[in-house]
Every structure is written in structure tokens, then in C-alpha cells.
Amino acid sequence: MKKVGMYALGLTMLLAPNAQASVYVRDVSVTGLERVEADTVLSYIDVPQGKTVSQDQLDFSLKQLYATGLFTDVVFDVKNDGMLVIKVVENPIVNKRVFDGNNKVSDDMLEKEVSLKAGSIYDRAKVQEDVQRILEIYKRTGRYAASVEPKIIKRDQNRVDLVYEIDEGPLASITKINFIGNKHYSDDDLANEIMSKESRWYRIFSSSENYDAEKTNYDKELLRRFYLKRGYADFRVVSAVAELSPDKKSFVLNYVLDEGKRYKISDIKINSEIADVDVKPMYKLVDFEKGDWFNDTKVDSTVEAITEELGKKGFAFVDVVPDLSMNTQKGTMSATFDIKEGDRVFVNRINIKGNNRTHDEVIRREFRIDEGDAFNVSKIKASRKNVENLNYFSKVDIQTVPTDENKADIDVTVEEKSTGYFNVGIGYSTVNGMLLRTGVTENNFRGMGQQLGLDIGISQRTQEYDISFTEPYFMDRNLSAGVDLFRTEEDYQDYGSYDTSSTGGRLRLGWKYTDDLSQYLRYTYRQDEINNVDSEASHYIKEEVGKYNGSIVGQTIAYDKRDSAINPKEGYYVSFGNDVAGLGGDEKYLKFDTKLYKYYTFADDYTFKFFTNAGYIVGYDGKEVRLSNRYNLGGSTLRGFDTAGIGARDKYTDDALGGNWMIYSGAEVSFPIGLDEVGVRGRTFVDMGMLGKPDGIRHADDVNYSSSPRVAAGFGFQWLSPMGQIDVDLAFPIVKEDYDETQAFRLNFGTRL
């Protein structure tokens, strides 16, 4: 009698010395079956009945049967009478499969990765494969110390419950980042550029200190951009290696760099293969000059500017190709822009996918290119920027797909995100005290790009209520229209011994001449009231107690060339507005306001901001400008001075009386303080303000007044925290009048819950 056990090779070798070279098999029987049919077992073996079979045939058949995964144990037993008895122990069925201990990774995510499901045949090898898949998921989430222990609970009818006991472990943090080979920039300079950060206590709200392989790859690209913007055209990241600690809880990142040579621009040329193109006007579009350090970002912007300008002149099919020739010995580079005839390609169709809620038209109207137009890369880029700026989508992807010989489709794929939110906010300001704000806003109402909002803000000094609706494409034109209803109440007891309120509505109309130049018209009807006047208030304030109706028509024209409306670093913004009150109502005045902001970033990450705000208001038809319409400076405007801290004041009551004109200007430099990844930047500033004489002052001997400039300087920081923006400033008046009200410390913060 001969037996061949579950571990076929081992058992065969064990029995080989006493085994015959071949055996006669008269018949085959199978025992131990519960669910599997005998014919299924026989279909996997190569053992003919009534014939002599070799030992190799038996070994091969056993391996085949075991490889099916149907059985825990398989034994071949050849009797003396030639009967081959195959004894099997079936693998159990998975009755239930459970994940235990997974708090950071959902069951749904794990379900997608593992192969053994409820109803599957239990297989140890597949269990181990699933364990490795689960561990891989945790590695992708930054938990390299995670462990998985599979356990089974036996049930009746040869069933088992399979439980994966998971210890997720901590996120693998980055304890150290090393830069090797950097000679011209310090480790701190480079550390500020990359997304990965060393673990620090103050990064409790940031994920930047957690290791992520994809983030490390993106760091390589950020380092490349950093050096290419500063002239290092040969720069490369030789290697980026992450070393995992023995306890699998932390990483050390090592970036090996080759900075290469730094190049200065020695020559700039523009050549054209198109006869009708005059290259001379194109030189003014070049974003750099001879002697500047090479900057690949400026090379790209120059290509876009020339392409766009040629498109405006009717040259739809052009390619602008930059040719950069380097002299490694001298460290110089010549830049040549070759204007070539491009392929004559037209837009066939614009296909939009992924917008389940947002109407196609909302996306199409942001495109600067239409079906049938000549293909234009610059217009496609501008269209993508416009769609992204809608802030309706988490992802905007645009691909060009050739269709015919001279046509191409533009495939637009978007991923929608939530555009409505309910917010509850709390905060504190040295101007308004404690603040509670709540509101509901939907920025893509009905999927048509309309905005609907309700906002309520209550502080120790102010109460604001506002309902607004905006249609961005009124009457299917590039024309925005909107309506506002508002109610505002303000407590001026500390500054002017009175309270004021304003209730009314506003109609708005706006349009864009270009992507940068826009104009807005508005009509406002409101009722202003001055009440709760203190018995000892200035007689100038007592004279204005009561309600006054205002009917005001106004407009603002703005030119915005900033690189970002949220966090600008380059460019400028200019606006001019004026209002006329008097088409009905009690108020009659003319008002003019202008703003100028200029931004410039230098020394890598130091941003300079210069700003000037100016305004003038004057009554007509014998009407004076009332207190609620006058200008005030101080607090959030003109740091270093209290709210309404400068300008005319009653000598006896010290009440602020405002002014009929104002100038508020200043310069500010914001700079990194090593906390950019958590949104903290420092700043230093100088503010200057002037406030003109108000209407209604008849006796100079009872009013303190001077329109001379007030100046303050200071420093502070801004934190874009997870709880909202926090501003802290410490300012010191340099030039002031004795009667001015000062305020050295200014704090403002808010949070949305």
C-alpha cells in the first residue's frame, strides 16, 4: 500500500525509497466530500483506470487537485488490490468577513481591495494576499506601522467567519529633511518651497508633516521650478530617498541635488517664418531683459503673450517656439522666439462631461473659443482659467482630440464639488468686539451659476442682515444682475455718542469689457436714521437726529491685473466710482472714490504692497452731507489709530464728526517667518491718512480739526488658520494731533464652524 500526502513533493520523496516505479490502478474512489462532486475531483487528476500509472503521474495529479484551492488536505492511498482512494478535507466556506479596528480607513475602501468575500471558499494563500493588500492601503494613507492579523471563527456546516483584526498605527511623520548638494540656497530656503515638512508641534492642523510618496515626487517638481525661476537651467534632482525608521513610525527624506550653472540672458531675438508678421512690436511682450537671470516662467509667459497678440492680429495658426542656447563657460543664454506657421486646425465640437448638476451652458459661456473657430492654445488656457474661477468644480481637465485632418474636439471633464454651505461663525475684533455670524449661501443655485445668499452678523457694536441674489448672465448676455436687501445697525456711542441704522435695497448691473476691465452700475434706496443720541453729545450730532431717505445712483469701473484676487503677489488693481444722491429722497450729494493697489514680489518671497484709497463727497442744492455719509479713518483703516480716531472732533464732548474727503495710503511688506505651510506670514507697514473738514461746522473755536497727514508704522502677522483669518498688528503713531484717539494693538479673527 502506498500513500501520497498533502505536501506532495515532501511526502513523495519520503516514500520514494520504498515505492515502486509504477502502480496498477484498478479503480478510483473519493472520500471526505461534502459540497464538491466526485466528478469534479476526477476531472483534475490524470490517473487512467485499469492501467499502470507512474509515480510522477500520481504526484502531478495530487498537485493539480491541491492547486484548485478547494481542499485543506489531500491524500492519495493506493490499496493492494489496485484501488486508489483519494481522501480530501474540504476548505470551509467564508460565512462572514469582518474588518475590526479600522477607524481611519472605511469598510467600503477595504471591500474594494480584498478578494475573499462572504460565500467564497476559504484559502490561506488568498487570506495572506488580502492582508498585503490591506497593508498597502494603509501605506498609501501614510500608516506604515499598521498591522493586520487574520483570524477565523469556526461555525457549523464547515463554515468560518473571517476577521481581519487591524492595528492602524500612527501616521508616519517626517522627522528630518536633508538637502545634499545645495550650494547657493540654504536648507531653510528649500524647505519653504516643498510640500513635505518636518514634524513640529505647531503643525497640528497640517498634514504636511506626514510622509506621502506622491507628495515627495511633487516636491521634486517644486524644487525644479524653484531653481529654473532663478536661472539654474541645468538643475536636476539626482535622487529623492525616503528612509523608514525601524519602528515604521517616521521617515527621513534625503534630496540629492545638482544645482548646475546659473545663466544670465545675453541676447533676445524674435524671428518669424510668416512674411506678414512684424516682429518689432513683439519685443515689448518679452517679459525679461538682457542681463536678467534666466526664468523659465517668464519664457512661458512670453510665448503666451506673443501667441495671443498674433491671434488678435488675425494670425490664428501660429506656433511660437522658444530656442534657448546656453554658453556653459560664460554662464550666458540667448533666447530666440521663432514664430512658425502652425497647423490649420479648427474646433469641431466642445464636449462637456462630469457636470451632473451644472448646466452645460454655464461652462460653455466661460469659453473664449467656439465650435468652428480656429484652434488657439491661448484661448483654451484662458477658458480653463475662467471655468476654474467659477469655483464650482474640484477638477477641470481639458484635452484636445483630433477628429479629421484639420479638425479637433475639445473634451472638457469636470468634477463637481459642493457650492452651497451653511456657516456659523464666532470671532473677536478690537473694533467690533465679539462677533457671531451665520448664513446660507448657494453659489450655483439650480445649477445655473446663480448666487443666492442670506447673511446675519451680530457683534457688540454692529448688527447686519443681508439677502442677495445674483444672475451672472442676465438675459443670456455677459451681463450680471443682482438685488440686495439689507439692514445695518451700528453703535457709535464710544466714538460719537449716537447710534445709526440703515435699511434699504440695491439693484446691481455689471459687465466686462475684457477679462480685466469691468464696470458696475447700482441703484440704492435706503433710509438712514440717527438715534439714541446722548444728552451730552455734540450739538452737531443732535442737529441730525431723525430719519433720512436716500435715492442713489452709482457706478464703479475697475481694471484688475493681479495674479490672484485672493492672495495677490504681482500686478495691480485700479478702480474709480462715483455716486449721485438726489433722484428722490432727502439726500443730495455727489461722491467720488478711487482705489489703487500695486503688488510686487522680490527676493524670492517678499511681497511689497502699495495702496491708496481716496474719496470726496459734497452736497448740492444747498444740502449738507449728513453724518452717516461722511468718511471716517482709524481702526481697520489707518492702523495705529482708534475707529474714527482722526479728523474733526467736538472740543467739549470729544465726539468724532467725520469728514468730507479722505486719503488713506500706505506701504506694506509681507515676508515668510518659517510658517508658510500653516498659513502664517509676517508683515511690516507704514500707514498715512488725511481726513477733510466736514460740512456743518460753523465755529472753528468749538471743534478740533486739522487735515494734516497722520502717519503710523508697525508690524504684525496674518494667519490663514483652519479657524479663519486672524490678523494681529502692533502700530505706533509717528505723526498725530493731540486730540487724536490712538490704538496700538489691533486683533481680528473669525471662524466658521
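The values are calculated or read from the model by the stated rules, or taken from the named source; none is laboratory data. These figures come from a predicted structure and were not determined experimentally. Quick reminder, even Gly has a Cβ in these numbers, built from the backbone with ideal geometry, and neighbours come from all protein chains shown. The area values use the complete protein model at the heavy-atom level, side chains included, leaving out ligands, DNA and RNA. Shrake-Rupley method; radii C 1.70, N 1.55, O 1.52, S 1.80 Å.
Report yes if some residue within region 55-69 is within 18 Å of D161 (Cβ to Cβ) and not charged (D, E, K, R); otherwise report no.
No - not one qualifying residue is present in region 55-69.
Does region 675-692 contain any residue that is closer than 30 Å to K547 by Cβ and in contact (Cβ under 8 Å) with a residue 12 or more places away in the chain?
Looking through region 675-692, at least one residue is closer than 30 Å to K547 by Cβ and in contact (Cβ under 8 Å) with a residue 12 or more places away in the chain.
All but one of (1) within 30 Å of V252 (Cα to Cα); (2) modelled with pLDDT under 90 hold for R133; state the number of the condition that does not hold.
Unmet for R133, out of (1) within 30 Å of V252 (Cα to Cα); (2) modelled with pLDDT under 90: (2).
Does any residue of region 316-324 turn out to be modelled with pLDDT of 90 or more and of a type in the set (F, W, Y)?
No, the conditions are met nowhere in region 316-324.
For region 552-571, give me each residue that is modelled with pLDDT under 80 and open to solvent by less than 60 Å² (accessible area, probe 1.4 Å).
Residue satisfying the conditions is S564 alone.
Scan (1) surrounded by fewer than 21 Cβ atoms within 10 Å (Cβ to Cβ); (2) part of a strand (DSSP E or B) for the single condition M662 breaks and write down its number.
(1)
Among the residues that make up region 120-128, is at least one of them without any contact (Cβ under 8 Å) to a residue 24 or more places away in the chain, under 20 Å from L70 (Cα atoms) and small (G, A, S)?
The answer is no, given that none of the residues of region 120-128 is without any contact (Cβ under 8 Å) to a residue 24 or more places away in the chain, under 20 Å from L70 (Cα atoms) and small (G, A, S).
Which of the numbered conditions does K249 fail, given that it passes all the others? Conditions: (1) open to solvent by 80 Å² or more (accessible area, probe 1.4 Å); (2) farther than 22 Å from L310 by Cβ; (3) free of Cβ contacts under 8 Å to residues at least 24 places away in the same chain.
(3)
Which is at pLDDT 90 or above and under 27 Å from the mean Cα position of the chain (by Cα), of F610, F592?
Numbers: F592 fails: under 27 Å from the mean Cα position of the chain (by Cα).
From the options F610, F592, the qualifying one is F610.
Counting only residues that are at positive phi and under 26 Å from the mean Cα position of the chain (by Cα), how many does region 564-587 have?
Just the residues of region 564-587 that are at positive phi, to begin with: 571, 582, 584-585.
Now drop any that are not under 26 Å from the mean Cα position of the chain (by Cα), which leaves 571.
Summing the residues that are at positive phi and under 26 Å from the mean Cα position of the chain (by Cα) in region 564-587 gives 1.
List pairs: first in region 465-476 and in contact (Cβ under 8 Å) with a residue 40 or more places away in the chain, second open to solvent by 80 Å² or more (accessible area, probe 1.4 Å), Cβ under 9 Å, 6+ apart or cross-chain?
Y473/E361
Okay, residues lined up against (1) surrounded by fewer than 12 Cβ atoms within 10 Å (Cβ to Cβ); (2) at pLDDT 85 or above; (3) closer than 30 Å to G169 by Cα:
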| position | (1), (2), (3) |
| --- | --- |
| T40 | no, no, no |
| D46 | yes, no, no |
| N80 | yes, no, no |
| G101 | no, yes, yes |
| L110 | no, yes, yes |
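Against the definition (modelled with pLDDT of 75 or more and either under 19 Å from R487 (Cα atoms) or within 23 Å of the chain's Cα centre (by Cα) (or both)), how does V440 come out, yes or no?
Considered against the rule, which asks whether it is modelled with pLDDT of 75 or more and either under 19 Å from R487 (Cα atoms) or within 23 Å of the chain's Cα centre (by Cα) (or both), V440 comes out as yes.
Return the residues of region 179-189 that are in a strand (DSSP E or B) and more than 19 Å from G231 (Cβ to Cβ); say none if nothing qualifies.
I180
Please determine, by comparing only the residues of region 72-96 that are basic (K, R) and in a strand (DSSP E or B), which one is nearest to D46 (Cα to Cα).
Per the criteria, the residue is K87.
Can you work out which of the residues in region 467-482 that are in contact with a Lys or Arg (Cβ under 8 Å, 6 or more places away or on another chain) and within 30 Å of G635 (Cβ to Cβ) is most open to solvent (accessible area, probe 1.4 Å)?
T470
Condition first: surrounded by 15 or more Cβ atoms within 10 Å (Cβ to Cβ) and either without any contact (Cβ under 8 Å) to a residue 12 or more places away in the chain or over 20 Å from G314 (Cβ atoms) (or both). Now tell me which residues in region 345-354 satisfy that.
N348, I350, I352, G354
If we keep just the residues of region 190-209 that are more than 22 Å from R230 (Cβ to Cβ) and of a type in the set (D, E), which is modelled with the highest pLDDT?
For region 190-209, the residue satisfying everything is E198.
Would you mention how many residues in region 633-656 are surrounded by fewer than 22 Cβ atoms within 10 Å (Cβ to Cβ), in contact with a Leu (Cβ under 8 Å, 6 or more places away or on another chain) and not acidic (D, E)?
0
Of the numbered conditions (1) open to solvent by 80 Å² or more (accessible area, probe 1.4 Å); (2) touching a residue at least 12 places away in the same chain (Cβ under 8 Å), Y263 satisfies every one except a single condition; which is it?
(1)
Pick from region 673-693 the residues that are in contact with an Asp or Glu (Cβ under 9 Å, 6 or more places away or on another chain) and modelled with pLDDT under 85: which of them is nearest to Y597 (Cα to Cα)?
Among them, the one singled out is D676.
Okay, residues lined up against (1) buried (at least 19 other Cβ atoms within 10 Å of the Cβ); (2) touching a strand residue (DSSP E or B) at 6+ places or on another chain (Cβ under 8 Å); (3) aliphatic (A, V, I, L, M); (4) at pLDDT 85 or above:
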residue: N327; (1), (2), (3), (4): no, yes, no, yes
residue: T332; (1), (2), (3), (4): no, yes, no, yes
residue: I339; (1), (2), (3), (4): yes, yes, yes, yes
residue: D343; (1), (2), (3), (4): no, no, no, no
residue: N356; (1), (2), (3), (4): no, yes, no, no
residue: H359; (1), (2), (3), (4): no, no, no, yes
residue: D373; (1), (2), (3), (4): no, yes, no, no
residue: N376; (1), (2), (3), (4): yes, no, no, no
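Can you name the number of the only condition in (1) open to solvent by less than 20 Å² (accessible area, probe 1.4 Å); (2) over 30 Å from L228 (Cα atoms) that T403 fails?
Checking T403 against (1) open to solvent by less than 20 Å² (accessible area, probe 1.4 Å); (2) over 30 Å from L228 (Cα atoms), the one that fails is (1).
Is there any pair linking a residue in region 304-321 that is in contact (Cβ under 8 Å) with a residue 24 or more places away in the chain and part of a strand (DSSP E or B) to one that is of a type outside the set (F, W, Y) and surrounded by 18 or more Cβ atoms within 10 Å (Cβ to Cβ), with Cβ under 7 Å and at least six apart or on different chains, and which?
Pairs that qualify, where the first residue is in contact (Cβ under 8 Å) with a residue 24 or more places away in the chain and part of a strand (DSSP E or B) and the partner is of a type outside the set (F, W, Y) and surrounded by 18 or more Cβ atoms within 10 Å (Cβ to Cβ), are V318/T307; V318/L310; V318/I339; V318/G342.
Which one of these does Y392 not meet: (1) touching a Lys or Arg at 6+ places or on another chain (Cβ under 8 Å); (2) at pLDDT below 80?
Every condition holds for Y392 apart from (2).
Limited to region 222-238, what total is found for residues that are open to solvent by 40 Å² or more (accessible area, probe 1.4 Å) and over 28 Å from the mean Cα position of the chain (by Cα)?
Number of matching residues: 2.
Of the residues K176, K117, which is of a type in the set (K, R) and either part of a loop (DSSP other than H, G, I, E, B) or open to solvent by less than 20 Å² (accessible area, probe 1.4 Å) (or both)?
Unique residue meeting the criteria: K117.
List every residue pair whose Cβ atoms sit under 8 Å apart, with the two residues 6 or more apart in sequence or on different chains, where the first one lies in region 155-169 and is over 14 Å from V98 (Cα atoms) and the second, anywhere, is among the basic types (K, R) and outside any strand (DSSP E or B).
N158/R35; E168/K104; E168/R143; G169/R143; G169/K248; G169/K249
It is to be established whether one or more residues within region 537-547 are open to solvent by 20 Å² or more (accessible area, probe 1.4 Å), out of contact with any Leu (no Cβ under 7 Å at 6 or more places or on another chain) and of a type in the set (V, I, T).
yes
So S502 clears everything in (1) at pLDDT below 90; (2) in contact with an Asp or Glu (Cβ under 6 Å, 6 or more places away or on another chain); (3) hydroxyl-bearing (S, T, Y) except one condition, right? Which one?
With respect to (1) at pLDDT below 90; (2) in contact with an Asp or Glu (Cβ under 6 Å, 6 or more places away or on another chain); (3) hydroxyl-bearing (S, T, Y), S502 is out only on (1).
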